[in-house]
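Colleague: Provided herewith is a single structure, encoded as structure tokens, for subsequent inquiry.
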Amino acid sequence: MDHVPPQHQHDAGGADRHGVLTTTRRYWLAGLALLALCGFVALGAWQWERRAWKLDLIARVEARVHAAPVPLPSSSVWRNLTPDAFEYRRVRMAGSYLRDRETLVQAVTERGPGFWVLTPLRTTAGTILVNRGFVPSGLRGSSATRAPEGPVSVTGLMRVSEPGGGFLRANDPGANRWYSRDVAAIARARRLTDVAPFFVDAEASADPRALPVGGLTVIRFSNNHLVYALTWFGLAGLCGFAAVRVWRERGVR
């Protein structure tokens, strides 16, 4: 008999199995890409909603800052106020400063380092902590920080308390070191009663040379939500493109 050369053995089942594995892998990759697409779309939609909220906040604050001053809210609603409802509202109030309960809070402003001068104002509604303005570091303890005697009228912006302290620096009431305008802590340290849970930034004086320097409230809101939204939507588009490409790939034959 003629010698028959050995034939290469073909495992049809192996080819099928290889094809099945390739198809399964394609399914998995396409599924993961679609899952990532859904996640990125959700993140993009969330940032888009945040953008709408931020634009509304900016418009609301701008309207409050430039509005005519209104009377201070009644003390009966103080505890129920939320920042969205009152922050940066322009108010006018009358009372007398408690000159012996003053607090200096470290600050860095456009005028350099120094202190905010916070003085309690006793009104018929209760006690309001007033940030009368900024003084340079060299004027700490000088007469420049002393509040006027007798009845006064104050116009300013309502602000949210700043509990805890500043960046990496906690308030130390015992040592009289303050790094944030923490209304509750200052009230306890100065033994104040009937204190509003917010403070008021006083407006600038008509005299440009007057100290403390009021009207230095920084009103700035970062609004990068559109960029974030477009980034997430762009990543979602890439994932969609990847899913289509993977799905159209042929399996190994």
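Colleague: Tally the residues that are closer than 19 Å to V183 by Cα and surrounded by fewer than 18 Cβ atoms within 10 Å (Cβ to Cβ), restricting the search to region 63-76.
Modeller: So the first thing to find is which residues in region 63-76 are closer than 19 Å to V183 by Cα, and the list is 72-76.
Those still in the list that are surrounded by fewer than 18 Cβ atoms within 10 Å (Cβ to Cβ) too: 74-76.
Residues that pass the stated criteria total 3.
Colleague: Could you figure out which of (1) under 21 Å from A210 (Cα atoms); (2) touching a residue at least 40 places away in the same chain (Cβ under 8 Å); (3) assigned to a loop (DSSP other than H, G, I, E, B) isn't true of F134?
Modeller: (3)
Colleague: Tally up the residues in region 143-188 that are closer than 23 Å to V61 by Cα and either part of a loop (DSSP other than H, G, I, E, B) or not hydroxyl-bearing (S, T, Y) (or both), please.
Modeller: Going through region 143-188 one residue at a time, the tally reaches 13.
Colleague: Continuing with this model, one more query. Identify the residue in region 116-153 that is of a type in the set (K, R) and touching a Leu at 6+ places or on another chain (Cβ under 8 Å) and, among all such residues, is modelled with the lowest pLDDT. Please lay out each step first, then the result.
Modeller: Step one: of region 116-153, the residues of a type in the set (K, R) are 122, 132, 140, 146.
Checking the rest, the ones that are also touching a Leu at 6+ places or on another chain (Cβ under 8 Å) come to 122, 132, 140.
Working: R122: 96, R132: 95, R140: 80.
By that ranking, first place goes to R140.
Colleague: Does at least one position in region 137-145 carry a residue that is among the β-branched types (V, I, T) and touching a Gly at 6+ places or on another chain (Cβ under 9 Å)?
Modeller: Restricting attention to region 137-145, the residues satisfying the condition of being among the β-branched types (V, I, T) are 145.
The next check asks that each one be touching a Gly at 6+ places or on another chain (Cβ under 9 Å); those that pass are none.
No.
Colleague: Also, quick follow-up: Any chance region 234-248 includes a residue that's open to solvent by less than 80 Å² (accessible area, probe 1.4 Å), in contact with a Ser or Thr (Cβ under 7 Å, 6 or more places away or on another chain) and more than 30 Å from E49 (Cβ to Cβ)? First the steps, then the outcome.
Modeller: First, pick out the residues of region 234-248 that are open to solvent by less than 80 Å² (accessible area, probe 1.4 Å): 234-237, 239-240, 242-244, 246.
Keeping just the survivors that are in contact with a Ser or Thr (Cβ under 7 Å, 6 or more places away or on another chain) gives none.
The answer is no, given that none of the residues of region 234-248 is open to solvent by less than 80 Å² (accessible area, probe 1.4 Å), in contact with a Ser or Thr (Cβ under 7 Å, 6 or more places away or on another chain) and more than 30 Å from E49 (Cβ to Cβ).
Colleague: Now a separate question. Could you tell me which residue of region 77-120 is least open to solvent (accessible area, probe 1.4 Å), considering only residues that are among the aliphatic types (A, V, I, L, M) and free of Cβ contacts under 8 Å to residues at least 40 places away in the same chain?
Modeller: Once the filter is applied, the top-ranked residue is A107.
Colleague: Next question. May I ask you to verify whether R79 is farther than 21 Å from A202 by Cα, at pLDDT 85 or above and in contact with a strand residue (DSSP E or B) (Cβ under 8 Å, 6 or more places away or on another chain)? Before the answer, list the steps.
Modeller: Values: farther than 21 Å from A202 by Cα: yes; at pLDDT 85 or above: yes; in contact with a strand residue (DSSP E or B) (Cβ under 8 Å, 6 or more places away or on another chain): yes.
Considered against the rule, which asks whether it is farther than 21 Å from A202 by Cα, at pLDDT 85 or above and in contact with a strand residue (DSSP E or B) (Cβ under 8 Å, 6 or more places away or on another chain), R79 comes out as yes.
Colleague: Looking at L226, L230, L168, L192, can you tell me which residue is open to solvent by 60 Å² or more (accessible area, probe 1.4 Å), out of contact with any Lys or Arg (no Cβ under 6 Å at 6 or more places or on another chain) and at pLDDT 80 or above?
Modeller: L230
Colleague: Only one residue in S153, S161 is farther than 30 Å from A30 by Cβ, free of Cβ contacts under 8 Å to residues at least 40 places away in the same chain and of a type in the set (S, T, Y). Which one? Quick ask: steps written out before the conclusion?
Modeller: Working: S153 fails: free of Cβ contacts under 8 Å to residues at least 40 places away in the same chain.
Among S153, S161, only S161 is farther than 30 Å from A30 by Cβ, free of Cβ contacts under 8 Å to residues at least 40 places away in the same chain and of a type in the set (S, T, Y).
Colleague: If V154 satisfies every condition in (1) open to solvent by 20 Å² or more (accessible area, probe 1.4 Å); (2) in contact with a Lys or Arg (Cβ under 8 Å, 6 or more places away or on another chain); (3) under 14 Å from V117 (Cβ atoms) but one, which is the exception?
Modeller: Single failed check for V154: (1).
The values are calculated or read from the model by the stated rules, or taken from the named source; none is laboratory data. As the structure is a prediction and not an experimental result, all values here were calculated from the model. Ideal geometry is used to build each Cβ from the backbone, glycine not excepted, and the neighbour counts take in all protein chains shown. Quick note on the areas: whole protein, heavy atoms, side chains included, nothing else; ligands and nucleic acids left out. Shrake-Rupley method; radii C 1.70, N 1.55, O 1.52, S 1.80 Å.
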